[in-house]
Amino acid sequence: MATFDKVYVTEEVYREVVQNNELRHYGEQELINAVRDNKMIIYKVQNNELIEAMMGRLHRGELEVIQAARELNISRVIIDDRSARNRAKDMLLKPIGIIGILQLTKKLGKINQIKSYLDILIQEDYRISKRLYLESLKIADEEKKIFKNKQS
């Protein structure tokens, strides 16, 4: 059982991860493999004029994700950037970020806990506020792990 039935990645997001991921190459090979194995589908946005007109506060990849969801009649989008999430909500979409995906994956029983994944994200310079970190652990029923680790 997959976490999501179908996962689309826009051409721009694919390009950003595979071609412009110069420093760390995070997710590059995983994305290539997922597309090759038909676990993810590359989607070409049809309305590029709208993307060009909307450029400004959001990057092209984020705009393509929002527009692709509209073109494909999909309500759930994976976006971490706060401004992009707000724009997606304005377009009546339901954004979920990496933390939400971790929580969902735990709820589905695919992982046992999210704390170690959050810690890795922080270690790799992914910005998570202390409040969001603690709130995420509370939602995942893992807040007791923080105190247990501090007492050790």
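Report, in debye and to the nearest 20, how large the dipole of the chain comes out about its Cα centre when Lys and Arg carry +1 and Asp and Glu carry -1 on their Cβ. Before the final figure, lay out the partial values.
Working: 27 positive and 23 negative charges, 178 e Å.
With only Lys, Arg, Asp and Glu charged at Cβ, the dipole is about 860 debye.
Any chance you could give the angle, 0 to 90 degrees and rounded to 10, that helix 60-72 forms with the longest Cα principal axis of the chain?
Approximately 80 degrees, to the nearest ten.
Tally Lys and Arg at +1 and Asp and Glu at -1 over the other residues with C-beta under 12 Å from the C-beta of Gln67: what net charge comes out?
Summing Lys/Arg as +1 and Asp/Glu as -1 gives -3.
For Arg87, what charge total do you get from the other residues with a beta carbon under 11 Å from its beta carbon, if Lys and Arg give +1 and Asp and Glu give -1?
+1
Quick one: if the Förster radius is 22 Å, what FRET efficiency do Ile42 and Thr105 give, using the C-beta to C-beta distance and rounding to 0.05?
0.45
Using 0.36 nm per residue, how much length does the chain from Asp5 to Glu124 gain when fully extended, once their Cα-Cα distance is taken away?
Working it through step by step, the gained length comes to 40.0 nm.
222 nm [θ] for the chain, helices only, -39500 (n - 2.57) per DSSP H run of 4+, per residue, to 500?
That calculation yields -16000 deg cm²/dmol at 222 nm.
Please give every one of the aspartates and glutamates within straight-line cross-link reach of Lys130, meaning a C-alpha to C-alpha distance under 13 Å, and leave out same-chain neighbours fewer than 8 residues apart.
Straight-distance partners of Lys130: Asp119, Glu143.
Quick one: of Lys44/Lys107; Lys6/Lys106; Lys44/Lys94, which pairs are farther than 27 Å apart, Cα to Cα?
Lys44/Lys107
Values quoted throughout were computed directly from the atomic coordinates according to the rules given, and no laboratory measurement underlies them. Everything numeric in this text was worked out from a predicted model, so none of it was measured. Virtual Cβ from ideal backbone geometry, glycine too; neighbours counted across all protein chains shown.
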